[in-house]
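The values are calculated or read from the model by the stated rules, or taken from the named source; none is laboratory data. Treat the numbers as computed from the prediction; the structure is a model and nothing was measured. Here the Cβ positions follow ideal geometry from the backbone for every residue, glycine too, while neighbour counts run over all protein chains shown. When the accessible area is computed, the model is the full protein with side chains, heavy atoms only, and any ligands, DNA or RNA have been set aside. Shrake-Rupley method; radii C 1.70, N 1.55, O 1.52, S 1.80 Å.
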Amino acid sequence: MSWMPSSDPVLGDPHSCDKLDLVIVPRVRDLGDGFAVRRALPHGKRQMVGPFIFFDQMGPVQFLPGHGLDVRPHPHIGLATVTYLFDGRILHKDSEGNALEITPGAMNLMTAGRGIAHSERSPLEARTGTQTMAGIQSWIALPAAQEEIDPSFQHFSATTLPTVEDCGISARIIAGSAFGVRSPVRTASEWLYAEVCLDAAAQIPLDPDTEERAVYVAEGEVEVAGDVFEGPRLLIFRPGDRITIRATRNSRLMLLGGTALEGPRYIWWNFVSSRKERIEQAKEDWKQGRFAKVPDESEFIPLPE
């Protein structure tokens, strides 16, 4: 996916929970062909939560036969992308030669480092009938010392990621540690990412040891310290407090956060860096065709004017 600046919505939540730092109402962006996303980060009042600098909820959207997602090859630097699906399939191809289908519950971490290009499309087989797609795509800003590492890709199927099941709680640990278990995914910095499905009245603790923490309510409704929040909402919590999140109806949450980076980042289109001049270099490199090509792709997204 791609990012460009846009206006943030006016927040209308009357809630005053003193454990919350900010409540973000995701803004809706139409990426074409009726494919809409809800964008929670970056936001005018908060650029990052831990290293999370971009957070989009995709769909749910239903494609008619013959149609699908078609994100042409585009570049990234200075970040890692995480594509996590609730429903549907996406064919990922990148300039390092990786090509595989992303399926629900799998962890797909593409580290751009000094530069990578990739495409995201619905597989041909998925276009033969009606298909539904839903999920989350997020970007993880890299520590300044690792912004120029070699690009790479990690894939972990849903069956290889640790899960927790207990009393109306179903959780999958995508990265980092939660509920006493740790994901096998290798990360450039310490961060947490987990999907949690709660039955109505079920509740979970939010670990106070994570420096910066947030909960994205993708579906349903939750109660925190007496205040109720309906999805979609990004709830960003103050550091150190012990938090209990209770579902008031069946809900799907994403837990996210981690250690704060050493400073803010410049972000322009698909480029993230601690140095403004590096963004300018990446813009010129894409414009002049210096990024490696994605195999079997003849199209690309031009640099925005």
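Looking only at the range 268-277, decide whether some residue is farther than 30 Å from Pro73 by Cα, under 20 Å from the mean Cα position of the chain (by Cα) and aromatic (Phe, Trp, Tyr).
Within the range 268-277, not a single residue is farther than 30 Å from Pro73 by Cα, under 20 Å from the mean Cα position of the chain (by Cα) and aromatic (Phe, Trp, Tyr).
Could you check the range 100-141 and list, in sequence order, the residues that are under 21 Å from Glu284 (Cα atoms), in contact (Cβ under 8 Å) with a residue 40 or more places away in the chain and not small (Gly, Ala, Ser)?
Thr111, Ile116, His118
Are any residues in the range 66-103 modelled with pLDDT of 95 or more and part of a loop (DSSP other than H, G, I, E, B), and if so, which ones?
Once the filter is applied, which keeps residues that are modelled with pLDDT of 95 or more and part of a loop (DSSP other than H, G, I, E, B), the range 66-103 yields Gly78, Gly88, Arg89, Ser95, Glu96, Gly97, Asn98, Thr103.
How about the range 158-187: which of its residues are open to solvent by 40 Å² or more (accessible area, probe 1.4 Å) and of a type in the set (Gly, Ala, Ser)?
Passing the criteria: Ser170, Ser177, Gly180.
Just the residues that are among the β-branched types (Val, Ile, Thr) and either in a loop (DSSP other than H, G, I, E, B) or touching a helix residue (DSSP H, G or I) at 6+ places or on another chain (Cβ under 8 Å) (or both), please, taken from the range 119-134.
If the condition is that a residue be among the β-branched types (Val, Ile, Thr) and either in a loop (DSSP other than H, G, I, E, B) or touching a helix residue (DSSP H, G or I) at 6+ places or on another chain (Cβ under 8 Å) (or both), then Thr130 is the only one that fits.
Limited to the range 244-278, what total is found for residues that are among the hydroxyl-bearing types (Ser, Thr, Tyr), open to solvent by 30 Å² or more (accessible area, probe 1.4 Å) and not in a loop (DSSP other than H, G, I, E, B)?
3
Residues that are open to solvent by 10 Å² or more (accessible area, probe 1.4 Å) and in a helix (DSSP H, G or I): does the range 135-145 have at least one?
Looking through the range 135-145, at least one residue is open to solvent by 10 Å² or more (accessible area, probe 1.4 Å) and in a helix (DSSP H, G or I).
Being in contact (Cβ under 8 Å) with a residue 40 or more places away in the chain, of a type outside the set (A, V, I, L, M) and under 30 Å from Thr111 (Cβ atoms) is the filter here, so list the residues in the range 239-267 that pass it.
Within the range 239-267, Arg252, Gly257, Gly258, Thr259, Glu262, Gly263, Pro264, Arg265 meet the criteria.
Can you name every residue in the range 6-48 that is modelled with pLDDT of 55 or more and small (Gly, Ala, Ser)?
Residues satisfying the conditions are Gly32, Gly34, Ala36, Ala40, Gly44.
I'd like the full set of residues that are part of a loop (DSSP other than H, G, I, E, B) and open to solvent by 40 Å² or more (accessible area, probe 1.4 Å), limited to the range 189-229.
Correct list: Glu190, Asp199, Ala200, Ala201, Asp207, Asp209, Glu211, Ala225, Gly226.
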